[in-house]
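Down below is the structure, laid out as structure tokens.
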Amino acid sequence: MPKLANIYLIFDFFINNADFRITRLRSYWADAEKKGAVESEHRYKLVNFCVYYVQRRLAFDYTARKFILKDARFKKNSVLTLKIISLALGMCYFQGNSEGVLSELKIMLRQYQNGAIASSLVVALNNFVEKSNFVVAEIRQKDEALALSIRYSCPRELVSHLISETGPEIAREILENSIKPPDAVFRLNCVRLHSRELRDDFLKQFGEKYLLDIKRVYRDMPLYSCDRNAFNFIVTELAEFKAGYLTPAGRSAFLAAYLLEAQPDDLILDACAAPGNKTTHIAELSSSAARIIAADISEAKIAKINDNIDRLKLSNIFTICASCEFLDADKLRNKFSSFGDETEIFDRILLDAPCSGLGLLRNRIELKYRFNASDLTNMPRLQYAILNNASRLLKKGGYLLYSTCTINKRENSGLVLEFLSANKNFRLISLKDKIKAFGYDFSVLNDDYELMQILPDGAGNEGFFYALMQKE
Ligand SMILES: C[S@@+](CC[C@H](N)C(=O)[O-])C[C@H]1O[C@@H](n2cnc3c(N)ncnc32)[C@H](O)[C@@H]1O
């Protein structure tokens, strides 16, 4: 696949860059294309390769060290040699053959090694990949967490955490799903495409224009996935996105607006709203009839909510930059003069809390490399403070939906149970009937529809947690 220029660029990316976000990858290769270093038909393939490699980097480093560089002659090899071999292994496995890789590899290696060693390394690599049939070998270690950590390129601490939360079998499944290619999912804006006919027409034309095989994700819900993965098909670059017909969405995150079930006259607080995916979805579902206050701590992110509101041409959403640890009725009255004297203001509150994000490993490929174990203990303090404060703003009889995109009891069920034991005037509401409407067999940690921990599944649903509470 790669020509030497491409190998240099791939190498350059992985040596000189520690930011593995997909957006960064895309812009790196888009720049290379602009400079004429990459042909446009290769760009997406190179992005796909980089994603594939980021998802498995530790496994290839380990394989390079253990099987290719094991010979005493190679022991003195530099870190750069290891990185080149690891990347070359990744390329061979990605392609399912070594075509185009070996000769380029030799030229690269000669910059760091003498000619004889470079040739021996190429032979050793070729023998190894052919013998392995281009299937990444099972990593054998007495320490199971370490083996999984290498195989799935995931910090050992994170693997141990997943095992302790879910048990070894489910943890392995989560990790296996985390190295599948990310996919592209979007929801349609039912305010602009307000009838089934309009939506069907739109999808037909959209599919024909971009050569997509579009599939509905859930029964009767306007959420769709397409047969191309997230990199060949960048939703936010499309004219249809800019014109407000569709919005990229997470499959499990999509549930939030349905579980909150806004009514036309409701006043709603979205307490951690940016960039506004759920705020705008709630507005779309209520046909802009519910009034929504969208709060976020970050001024820059509030701008993103406003952009999304404008793009989707929605009304009745009002933004406020504030920390919901401290937001109170006075602050709301200062900003929105229409509010009266009451302190319990909202009919419904969505608290989609900042969290450790462990449910998103498949799409946010950089998360494994940025994992910070202290989040697992620090996040609950912030989440509890926000939940506790926001709950005071809810009317009696009102509903509060708490959600996170993580798998961590302390941030999820543990936190909600702690809140409930200190706030006896709140009770959990079962999500069973609302979930049934999706006609989808969610992978859940247990059958509890009150504290619902959705696990990442093979179809692409991300890990998510939902708990709906009512104030009495
Ligand atoms: C998980 S994201 C929310 C995603 C959003 N609900 C959506 O669907 O687009 C969490 C958000 O909480 C915000 N946040 C963090 N601490 C906060 C606080 N104390 N008060 C309000 N917002 C906060 C972050 O800026 C971030 O935008």
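The values are calculated or read from the model by the stated rules, or taken from the named source; none is laboratory data. Since the structure is predicted, the reported quantities are computational estimates derived from the model, not experimental observations. Note that we place each Cβ from the backbone using ideal geometry, even for glycine, and neighbour counts take in every protein chain shown. Surface areas here come from the heavy atoms of the whole protein model, side chains and all, with no ligands, DNA or RNA. Shrake-Rupley method; radii C 1.70, N 1.55, O 1.52, S 1.80 Å.
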Is there a residue being away from the ligand (no atom under 16 Å from the Cβ) and small (Gly, Ala, Ser) anywhere in the stretch 362-373? yes
Identity of the residue in the stretch 116-134, free of Cβ contacts under 8 Å to residues at least 40 places away in the same chain and open to solvent by 30 Å² or more (accessible area, probe 1.4 Å), that ends up farthest from the chain's Cα centre (by Cα): ALA116
Looking for whichever is open to solvent by less than 50 Å² (accessible area, probe 1.4 Å) and not assigned by TED's automatic domain parsing to the domain that holds PHE20 here; the options are SER153, SER164. Which one fits? SER153
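How many residues are open to solvent by 70 Å² or more (accessible area, probe 1.4 Å), of a type outside the set (Phe, Trp, Tyr) and within 14 Å of PHE464 (Cα to Cα) when one looks only at the stretch 437-449?
The first filter runs over the stretch 437-449 and keeps only residues open to solvent by 70 Å² or more (accessible area, probe 1.4 Å), leaving 441, 446-447, 449.
Then keep just the ones that are of a type outside the set (Phe, Trp, Tyr); that gives 441, 446-447.
With the extra rule that they be within 14 Å of PHE464 (Cα to Cα), the set shrinks to 446.
Count: 1.
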Looking at (1) over 28 Å from TYR369 (Cα atoms); (2) under 29 Å from the mean Cα position of the chain (by Cα), which is the only condition HIS161 fails? (1)
Pairs with Cβ under 8 Å, 6+ apart, first in the stretch 285-307 and within 16 Å of the ligand (Cβ to nearest atom), second modelled with pLDDT under 95 and open to solvent by less than 10 Å² (accessible area, probe 1.4 Å): none
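Does the stretch 308-339 hold any residues that are outside any helix (DSSP H, G or I) and away from the ligand (no atom under 12 Å from the Cβ), and which are they? Spell out the reasoning first.
Kept after step one, since they are outside any helix (DSSP H, G or I), are these residues of the stretch 308-339: 313-328, 336-339.
Correct list: LYS313, LEU314, SER315, ASN316, ILE317, PHE318, ASP328, PHE336, SER337, SER338, PHE339.
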Selection from the stretch 269-284 of residues that are more than 6 Å from the ligand (Cβ to nearest atom), not hydrophobic (A, V, I, L, M, F, W, C) and not in a helix (DSSP H, G or I): ASP270
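Within the stretch 165-268, which strands (runs of 3 or more DSSP E) (wholly inside it) include 2 or more residues that are within 16 Å of the ligand (Cβ to nearest atom) and farther than 21 Å from LEU25 by Cβ?
Values: elements: 183-188, 214-216, 223-229, 246-248.
So the answer is 246-248.
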Checking ILE349 against (1) in contact with a strand residue (DSSP E or B) (Cβ under 7 Å, 6 or more places away or on another chain); (2) over 22 Å from GLU299 (Cα atoms); (3) β-branched (Val, Ile, Thr), which single condition isn't satisfied? (2)
Considering only residues that are open to solvent by 50 Å² or more (accessible area, probe 1.4 Å) and of a type in the set (A, V, I, L, M, F, W, C), which ones fall in the stretch 417-436? LEU417, ALA422
